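One structure is given below, encoded as structure tokens.
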Amino acid sequence: MKKKILICGATGFIGRNLLEHFVGKDEYDIRAVWHNTINDDWVKDEVEWVRADLTKKDDVKKVMDGVDIVLNYAAFTTNIKDGMEKPYLFVTDNVIMNSLILRYAYEFGVEHVILPSCTVMYEDFGKPIKETDFKGFIDDDKMYFGGGSTKVYSEDMCKFYSKLGETKYTVLRQTNIIGKHDKTDLDKAHFFSSIVQKVKSAKNYIEVWGDGTEEKDLLSVNDLVNLIEIIIKKQRNTNFELLNVASGKNMSISDIVKEIVKVSGKKLDIKYDISKPSRNIKTKFDISRVKNKYSWKPKNKLEDVLNEIL
């Protein structure tokens, strides 16, 4: 019997990649949630599209009824500039959406919920960080105290609901996800996508925020969606799972930018603006838990991603 997958945020970056990955597979039916806009070429017979505002109870009930698996990739996201100047933007709507989705997943007896978290709560310990290294609280003087605390709250709510019934919950502490369908608006784009857009439009040089020494762990969205399908099929004997999901390798921003420029084939100078917002961190992530439990490891290299999107 087919499982019905609900993809929240199906018109967004990761949601659309999930949609393309699962649509047409014999073992799944797809219900996809959209809110503001949808392109006509996405509307296909294989997908049940539902318009909903996931901050409203009735809409969440509507989309949750009759589904087996929930992939909750609906969220308010923006860039580091907003994160520093308007940190409250990450808080209210995301907490409301996650709280309602988790509540009604439990009340409707959904089989499995997969919820993305992030790695913002981690400090740079000078070694690869395991899931257990985070002790559950963020110092209130940290830039991401608000947004990070909402992630911790949602993680805790997954653990809470996992003790009440039979629904399984998987929390993915994701690193920087890269790939096709990411935002291209420079005012809202994530770091990687914004650099790609700058390289595409540049003639002589590009400007990079910070001094280029900050490090990022980049993971292809293709590796992420492959892992999600593996987890759906293989999570057993536990109703709550918390996993670091990353490549396990860091690159400096300077090296990332140079690689993007190289693959683009352009000859561009790189100028660093240290007056602009940046986080001078070099946090590394231990992914041994997800590798050991699910026999998963990242396969896509940075060059592979760039060849797909440039």
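The values are calculated or read from the model by the stated rules, or taken from the named source; none is laboratory data. Everything numeric in this text was worked out from a predicted model, so none of it was measured. Neighbour counts are summed over all protein chains in view; Cβ atoms, including those assigned to glycine, are modelled from backbone coordinates with ideal geometry. Remember, those area values only see protein heavy atoms, side chains included, never the ligands or the DNA or RNA. Shrake-Rupley method; radii C 1.70, N 1.55, O 1.52, S 1.80 Å.
Per-structure values
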quantity	calculated
Test for Leu310: is it touching a strand residue (DSSP E or B) at 6+ places or on another chain (Cβ under 7 Å) and under 23 Å from Gly212 (Cα atoms)	no
Candidate set from segment 262-274 (those that are surrounded by fewer than 15 Cβ atoms within 10 Å (Cβ to Cβ) and within 28 Å of the chain's Cα centre (by Cα)); member that is farthest from Val120 (Cα to Cα)	Lys262
Residue count for segment 236-250, restricted to those that are free of Cβ contacts under 8 Å to residues at least 60 places away in the same chain and either under 14 Å from Tyr294 (Cβ atoms) or out of contact with any strand residue (DSSP E or B) (no Cβ under 8 Å at 6 or more places or on another chain) (or both)	3
Every residue from segment 214-268 that is touching a helix residue (DSSP H, G or I) at 6+ places or on another chain (Cβ under 7 Å), outside any helix (DSSP H, G or I) and not basic (Lys, Arg)	Glu214, Leu218, Ser220, Asn239, Phe240, Leu242, Leu243, Asn244, Val245, Leu268
Criterion: touching a helix residue (DSSP H, G or I) at 6+ places or on another chain (Cβ under 7 Å), open to solvent by less than 40 Å² (accessible area, probe 1.4 Å) and part of a helix (DSSP H, G or I) - qualifying residue of Gly146, Gly165	Gly146
Search result, residues across segment 17-39 that are part of a loop (DSSP other than H, G, I, E, B) and of a type in the set (D, E, K, R)	Lys25, Asp26, Glu27
Top-ranked residue of segment 54-89 - restricted to ones that are aromatic (Phe, Trp, Tyr) and open to solvent by 40 Å² or more (accessible area, probe 1.4 Å), ranked as modelled with the highest pLDDT	Phe76
